[in-house]
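Coordinate-derived values only; no laboratory data. What you see is a predicted model, and the numbers here were worked out from it, not measured in a lab. Heads up, the Cβs are rebuilt from the backbone with ideal geometry, glycines too, and the neighbour counts pull from every protein chain shown.
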Amino acid sequence: MKLTDEQKAMLEGEYGEGAAYAMKIEVAIGESFDAERMVPITRAHVALSNQDADLWFAEKMLEKGAHCRVSPTVNPGFCVSFFKERGLVKDEDAEMMMRTHNAYKGLGATLTYNCTPYVATNIPNYGEICAFSESSATPYVNSVWGARSNREGANSALCAAITGFVPEYGLLLDENRKGNILVNIEADMKSDFEYHLLGYCGKKIGPGIPVFTGLPSHISPESLTNLGAQLNTSGAYGMYHIVGFTPEARTMEEAFGGKKPERVVNITNKDLEDILEQISYSGNRKIDFAMFGCPHFTLNQAKHIASKVEGKKLSVPLWILTSYHVKELADRMGITQIIEDAGGNIIPDTCPDQPCWNWLNGKVGVTESPKCAYYPKRRGIEFVIRDLDTCIEAAIKGEVI
Ligand code: F3S
């Protein structure tokens, strides 16, 4: 790979041991993908996981004196104060969260603890080169904003934030951004929920860059968030196109770069029903709790739940996971109060795949998100998956009807 004088100096340690280490990793990634050069980034998002390996790496970089040149936003861990106050988290888990917080703070990250930065705090412009990790984030910035990022891991995105550079390969290059699978949507896309199920059709769609046709002319940011999150739960997709909607697919010809699709896939109502049947827990229709916000809920989604539970009493706990800024707005607008009066909570900074939920082992919840159902399985937590309104009704009644 050709390196500039600045990049060589960084690799040789002139910018400190931490930056040299990060550059060594970036160069190794570049060489493994046959990248010819490194290019500067202007944004990054690090999917910190608050788990041993990521924390080990972040602390190691901090010890070596690394500091982010491009301050990345970061993924959720869990809200220590919420869970500690209620005695729901072990001391060692709270300590790990604090270590994660301190490591990323020391590295100079922007401590957003939110997995949907691309709709609020970290929105790239068209064509901007970024390093985004997190399943729903990479396809959103590539497909919806027309920015450019490879599917970074938490560690490679952190190295990019530290060095300010990424190797130029994959989705950073025009020729790799064209679609190769035509996906005709024949299913009725009635709400944001169907986009969760469509995203979970990754096995049927197969590897590549899907080009969707037949979707409604207006698609909400929440639907697009759901689509990206689930595409990367059921498969591995850095980018998709929606003909006539996303910026690099104004026409079919543009979406495919003038080539013919390698595969054509039709998605019907039956496909979505089959997926739901496969992934939803069916052994128990009584539920113990309801959980929403994987990916993190927007203010509109929280508002919608408030409108449905206002003046009612929930039979089971209901948790809405969101960003600190949506929580702040919900507090100011009285949304939090309505939800708390019904018996629910809005929790900032928190992800379902965190040790703060270990106490739910053996319980069955309801959610509208397949990703929310997927990760907590390893903690012995099961979910019935339904559309949002059915889930809210279930939380009110204590069972899925
Ligand atoms: Fe976000 Fe965690 Fe779900 S990072 S998408 S809330 S698994």
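State the dimensionless ratio Rg/Rh of the stretch 133-277 (Rg: radius of gyration of Cα atoms; Rh: Kirkwood radius).
0.97
For the stretch 219-259 and the stretch 346-378, write down the distance between their C-alpha centroids in whole Å.
So the separation of the two Cα centres works out to 27 Å.
List the lysines whose Cα lies under 16 Å from the Cα of Lys204, skipping any in the same chain that are fewer than 8 positions away.
Qualifying lysines at Cα under 16 Å: Lys270.
If you put +1 on each Lys and Arg Cβ and -1 on each Asp and Glu Cβ, how big is the dipole of the stretch 178-277 around its Cα centre, in Debye rounded to 20?
420
What residues qualify as long-range amide H neighbours of His241, i.e. H under 5 Å apart, gap of 5 or more or another chain, H built at 1.01 Å from N?
The answer is Val211, Phe212.
Please work out the Kirkwood hydrodynamic radius for the stretch 172-232, using every pair of different C-alpha atoms, and report it in angstroms with one decimal place.
12.2
Taking the Cα centre as origin and putting +1 on Lys and Arg beta-carbons and -1 on Asp and Glu beta-carbons, what dipole magnitude results for the chain, to the nearest 20 debye?
Dipole size: approximately 500 debye.
Check which residues have an amide H placed less than 5 Å from Val265's amide H, if you skip close sequence neighbours.
Those qualifying (amide H under 5 Å, at least 5 residues apart or on another chain) are Leu182, Val183, Asn184.
Alpha carbons only, please: Rg and Dmax for the chain, in angstrom.
Calculated on Cα positions, Rg and Dmax stand at 21.3, 65 Å.
Have a look at Pro76, Gly283, Pro261 and report the one farthest towards the positive end of the charge dipole of the chain, computed about the Cα centre with Cβ charges (Lys/Arg +1, Asp/Glu -1).
Gly283
Enumerate the amide H contacts of Ile347 below 5 Å, restricted to partners 5 or more residues apart or on another chain; note that Pro and chain-start residues carry no placed amide H.
Ile320, Leu321, Thr322
Considering only DSSP beta bridges with both partners in the chain, what is the antiparallel share in %, to the nearest 5?
10
Can you bin every Cα-Cα distance in the stretch 215-318 into 10 Å intervals starting at zero and give me the percent of pairs per bin, rounded to whole numbers?
10, 30, 35, 17, 7, 1
Please say if the stretch 5-171 is rounded, prolate or oblate, where rounded means a/c under 1.5 for a ≥ b ≥ c the square roots of the C-alpha gyration tensor eigenvalues, and otherwise the choice is prolate for a/b larger than b/c and oblate otherwise?
Since a/c reaches 1.5 but b/c is at least a/b, the shape of the stretch 5-171 is classed as oblate.
When every alpha-carbon pair in the stretch 74-162 is counted, what percent end up more than 21 Å apart?
So the portion of pairs separated by more than 21 Å is 38 percent.
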